[in-house]
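To start, the structure itself, in structure tokens.
Each value in this text was obtained by applying a stated rule to the coordinates, not by laboratory testing. Keep in mind that what you see is a predicted model, and the values were worked out from it rather than measured. Cβ placement follows ideal geometry from the backbone for every residue including glycine, while neighbour counts extend to all protein chains displayed.
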Amino acid sequence: MRRTLVLVCPLLLAVTLTACGSTTTTAGFKGEQHEAAQTIADLQNDATAAEQKKICANDLAVAVVRRLGGSKDCEKAIKNQLTEVDNLETSVKSVAIAAGARTATAQVRSIREGKSVTSTVSLVKEGGKWKIAGVG
């Protein structure tokens, strides 16, 4: 479970804002790219509202939730990680859909400790919806 928390913590840091911050915009994307970017925006919204249940059920890939020990353990892990999140601004810079439209990667920029940081968020399509599978 610790290894998966290492995966989830940067993920939340990469795509989370505080309640008084900006929101992630998806206006520049169309079609599948928009849907994938919307998943990142949904994670940001759910994290801002401290909705760890929604994050585990709606935003994270099944494999991530499973690695965290299932729904309840996922919710606990996310709740703990949300207490660590600072004031961050986030923007989705690009979204690339892989051939076959089952996986995607998004370049997400955030500000951490006064520095601009770009992270690559991996997404997978599950049940017709994009879900976050990891961050690198």
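For the reader, a short list of remarks on this structure follows.
- The range 40-136, relative contact order [Cα under 8 Å, separation at least 6], %: 22
- Simple label model, 7 Å out from Cα along Cβ direction - Ser71 to Thr120, nm: 3.3
- A simple packing score, the average count of other Cβ atoms within 10 Å per residue, orders the peptides 34-42, 67-75 as 34-42, 67-75, with the highest score first.
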